[in-house]
């Protein structure tokens, strides 16, 4: 049984060419035309999906064959195909940078590729770049190419003329500072921090109206796979989930997974709230605690509430930024030292260079879980890890700590990789 839906994978030669902007603008344009659009992001990214969710008013799901698994990606795409008029998949980094590459992922999923190229410093080379990416190694199903950040109509015409016959022209977008998306050390700013994000997306969607990219791509057939079934391991349990500007890195699939196992999710803000919701377990996901360290340090009532929760023997999962606030203090790059919640001995220190990056696998007492790490801080603690989340081929990883029922790590877990193990972290 198949589900057919127009679909594209939007890729680029490298990061920074404008994939996210183009995907969000295309999604908004087609939404304005009355089409139901669903967006997916390749890789473990949290930031781009926030922008895409705003663009279409619907959550953006992650697909990654290493962290999520190919079957997970296929059934999610097929589910979207049954309800959508258009599926957009944003690639990760450059077309041949990930593992599997975006090119291979597109081939295996049957997705045509829209190639976005920053043409600001090229003209005739635009076609050479597109041709090279299409025919490199095993090749990639590049169907269209879009020239981003062109300087004039003449510049766009030069780019168009350079394209080979087997790659169609998808149009061009001008340099436009008012539509560009601002960045920070982890990538783009979270959607909630870009005050005029909606206006930026609207502006870029307006610029796409007259381009061939405004036309829906051909339909792709997605094999309909049954969604996974979940044991009601969390039935009757309430999980308090931190969600605010400091704790914003949550996979929609993780929330869906917990709910599918019967959990009631109660969201709260460690920045603003002084008490926890009535709950059986707490989840502190990642985010940007370093940007809100002063407010977190001042919320001693929340620190006391979390300490009481842990002292009562109740489960708490703290991931990356969530773990950072569980230590005694956080040191910023500017040299400031802020007291944190003090649930774990030790401290974290922000630094200018990347401290951890990569896909991880963790063998926990609860079972095996996959996930990833991406952080600019380091942790110093006397705790002895209960496990070490490892990268492929044992190339280093991240410590996983446990004190009572508090589990903490720089690792962001992908719960659908092993729902039963994820559930046991909250039991």
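The values are calculated or read from the model by the stated rules, or taken from the named source; none is laboratory data. Everything numeric in this text was worked out from a predicted model, so none of it was measured. Counting neighbours? That spans all protein chains shown, and the Cβs are built from the backbone with ideal geometry, glycine included.
Across segment 195-203, a minimum of one residue is classified as outside the structural domain of residue 276 (by TED's automatic domain parsing), in contact with a helix residue (DSSP H, G or I) (Cβ under 7 Å, 6 or more places away or on another chain) and under 22 Å from residue 113 (Cα atoms). Scanning segment 122-143 for residues that are surrounded by 22 or more Cβ atoms within 10 Å (Cβ to Cβ), under 28 Å from the mean Cα position of the chain (by Cα) and not in a loop (DSSP other than H, G, I, E, B) turns up 130, 133, 142. Restricting to segment 218-242, what's the tally of residues that are touching a residue at least 60 places away in the same chain (Cβ under 8 Å) and in a loop (DSSP other than H, G, I, E, B)? Number satisfying all stated conditions: 11. Look at (1) part of a loop (DSSP other than H, G, I, E, B); (2) under 22 Å from residue 228 (Cα atoms); (3) modelled with pLDDT of 95 or more and you find that residue 66 fails only one, number (3).
A quick yes/no check of all residues on (1) closer than 17 Å to residue 10 by Cβ; (2) modelled with pLDDT of 95 or more:
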{"residue": "79", "(1), (2)": "no, yes"}
{"residue": "84", "(1), (2)": "yes, yes"}
{"residue": "88", "(1), (2)": "yes, yes"}
{"residue": "92", "(1), (2)": "yes, no"}
{"residue": "96", "(1), (2)": "yes, yes"}
{"residue": "113", "(1), (2)": "yes, yes"}
{"residue": "129", "(1), (2)": "yes, yes"}
{"residue": "145", "(1), (2)": "yes, yes"}
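In this structure, residue 215 does satisfy being outside the structural domain of residue 345 (by TED's automatic domain parsing), free of Cβ contacts under 8 Å to residues at least 60 places away in the same chain and surrounded by fewer than 21 Cβ atoms within 10 Å (Cβ to Cβ). State whether the residues of segment 69-85 include one that is assigned to a strand (DSSP E or B) and either surrounded by fewer than 21 Cβ atoms within 10 Å (Cβ to Cβ) or touching a residue at least 12 places away in the same chain (Cβ under 8 Å) (or both). Checking segment 69-85: not a single residue is assigned to a strand (DSSP E or B) and either surrounded by fewer than 21 Cβ atoms within 10 Å (Cβ to Cβ) or touching a residue at least 12 places away in the same chain (Cβ under 8 Å) (or both).
Determine whether residue 364 is touching a strand residue (DSSP E or B) at 6+ places or on another chain (Cβ under 7 Å) and buried (at least 22 other Cβ atoms within 10 Å of the Cβ).
In short, no.
The set of residues from segment 1-17 being in a loop (DSSP other than H, G, I, E, B) and either more than 16 Å from residue 142 (Cβ to Cβ) or not assigned by TED's automatic domain parsing to the domain that holds residue 133 (or both) comprises 1, 15, 16.
Here's the yes/no breakdown for (1) more than 30 Å from residue 110 (Cα to Cα); (2) modelled with pLDDT of 95 or more; (3) surrounded by fewer than 16 Cβ atoms within 10 Å (Cβ to Cβ):
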{"residue": "226", "(1), (2), (3)": "no, no, yes"}
{"residue": "233", "(1), (2), (3)": "yes, yes, no"}
{"residue": "236", "(1), (2), (3)": "yes, yes, yes"}
{"residue": "244", "(1), (2), (3)": "yes, yes, no"}
{"residue": "249", "(1), (2), (3)": "no, yes, no"}
{"residue": "260", "(1), (2), (3)": "no, yes, no"}
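One residue alone among 335, 321 is more than 28 Å from the chain's Cα centre (by Cα) and not assigned by TED's automatic domain parsing to the domain that holds residue 190, and that residue is 335.
The strands (runs of 3 or more DSSP E) located wholly in segment 352-427 include none with 1 or more residues which are within 20 Å of the chain's Cα centre (by Cα) and not assigned by TED's automatic domain parsing to the domain that holds residue 318. Taking the conditions (1) modelled with pLDDT under 95; (2) surrounded by 24 or more Cβ atoms within 10 Å (Cβ to Cβ) in turn, residue 3 satisfies each one other than (2).
Remark: residue 333 matches the filter, which requires a residue to be modelled with pLDDT under 95 and surrounded by fewer than 23 Cβ atoms within 10 Å (Cβ to Cβ). On the given criteria, is residue 310 crowded, with 22+ Cβ neighbours inside 10 Å, at pLDDT 95 or above and either assigned by TED's automatic domain parsing to the domain that holds residue 410 or under 30 Å from residue 42 (Cα atoms) (or both)? No, not satisfied. For the condition at pLDDT below 95, buried (at least 22 other Cβ atoms within 10 Å of the Cβ) and out of contact with any helix residue (DSSP H, G or I) (no Cβ under 6 Å at 6 or more places or on another chain), what is the one hit in 375, 412? Matching residue, one of 375, 412: 375. What do you reckon, is residue 348 in contact with a helix residue (DSSP H, G or I) (Cβ under 8 Å, 6 or more places away or on another chain), modelled with pLDDT under 95 and either closer than 20 Å to residue 282 by Cα or in the same structural domain as residue 279 (by TED's automatic domain parsing) (or both)? Against the criterion (in contact with a helix residue (DSSP H, G or I) (Cβ under 8 Å, 6 or more places away or on another chain), modelled with pLDDT under 95 and either closer than 20 Å to residue 282 by Cα or in the same structural domain as residue 279 (by TED's automatic domain parsing) (or both)), residue 348 does not qualify. When only residues in segment 144-179 that are within 21 Å of residue 7 (Cα to Cα) and assigned to a loop (DSSP other than H, G, I, E, B) count, which is nearest to the chain's Cα centre (by Cα)? Taking the candidates together, the pick is 167.
Which residues, counting only those in segment 313-324, are crowded, with 17+ Cβ neighbours inside 10 Å and touching a residue at least 60 places away in the same chain (Cβ under 8 Å)?
Passing the criteria: 314, 315, 316, 317, 318, 319, 320, 321, 322, 323.
Scanning segment 99-127 for residues that are in contact with a strand residue (DSSP E or B) (Cβ under 7 Å, 6 or more places away or on another chain) and under 24 Å from residue 44 (Cα atoms) yields 102, 105, 106, 110, 111, 112, 113, 114, 115, 116, 117, 118.
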